[in-house]
Every structure is written in C-alpha cells, then in structure tokens.
1. May I ask you to verify whether residue 24 is over 9 Å from the mean Cα position of the chain (by Cα), in a helix (DSSP H, G or I) and among the small types (Gly, Ala, Ser)?
2. How many residues does region 37-53 hold that are within 12 Å of residue 21 (Cβ to Cβ), without any contact (Cβ under 8 Å) to a residue 24 or more places away in the chain and touching a Leu at 6+ places or on another chain (Cβ under 6 Å)?
3. Only one of 4, 31, 11 is loosely packed, with under 14 Cβ neighbours inside 10 Å, touching a residue at least 12 places away in the same chain (Cβ under 8 Å) and basic (Lys, Arg). Can you tell me which?
4. If residue 5 passes every condition in (1) under 23 Å from residue 54 (Cα atoms); (2) in contact with a Ser or Thr (Cβ under 8 Å, 6 or more places away or on another chain) but one, which one does it miss?
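Each reported figure results from applying straightforward, stated rules to the coordinates on display, with no laboratory input. What you see is a predicted model, and the numbers here were worked out from it, not measured in a lab. Glycine gets a Cβ as well: all are built from the backbone with ideal geometry, and neighbour counts include every protein chain shown.
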Amino acid sequence: MMLKACRIADKDKFSYYDSLIIVAALECNCKILYTEDLQHNQIIENSLTVINPLL
C-alpha cells in the first residue's frame, strides 16, 4: 500500500498522506472520495471521483 501511494504521489503530484487515503479508497473499491483537500470532480485511476462536500 505504501509503495502504491508513493507511485501515485509521484505520478499525480499529491502529498504522500493524500496518496495513502486515495490508495485505501481504491483498494476498498470506493467510487467516491469526499474531501476538501483535493480538486472537486477529479477522477483518479479512472475509478475514483473526488467530491468536495463543502461546495
């Protein structure tokens, strides 16, 4: 999980800790990630959509 987070952080320029959250969501087959820290409506790895709940 940590290696995959490092790859995503390098490839997409996310912070390491944001990448850990992303990898956890991807491994759990989540389709939506609610966070205010990433870009709204961003699609990650063609399967995870970021939603900012404050907008």
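1. No; evaluated as a whole, the condition is false for this residue.
2. Step one: of region 37-53, the residues within 12 Å of residue 21 (Cβ to Cβ) are 37-38, 44, 48, 50.
If we keep only those that are without any contact (Cβ under 8 Å) to a residue 24 or more places away in the chain as well, we get 37, 50.
So of that shortlist, the ones also touching a Leu at 6+ places or on another chain (Cβ under 6 Å) come out as 50.
Matching residues across region 37-53 total 1.
3. 31
4. (1) is the only condition that residue 5 fails.
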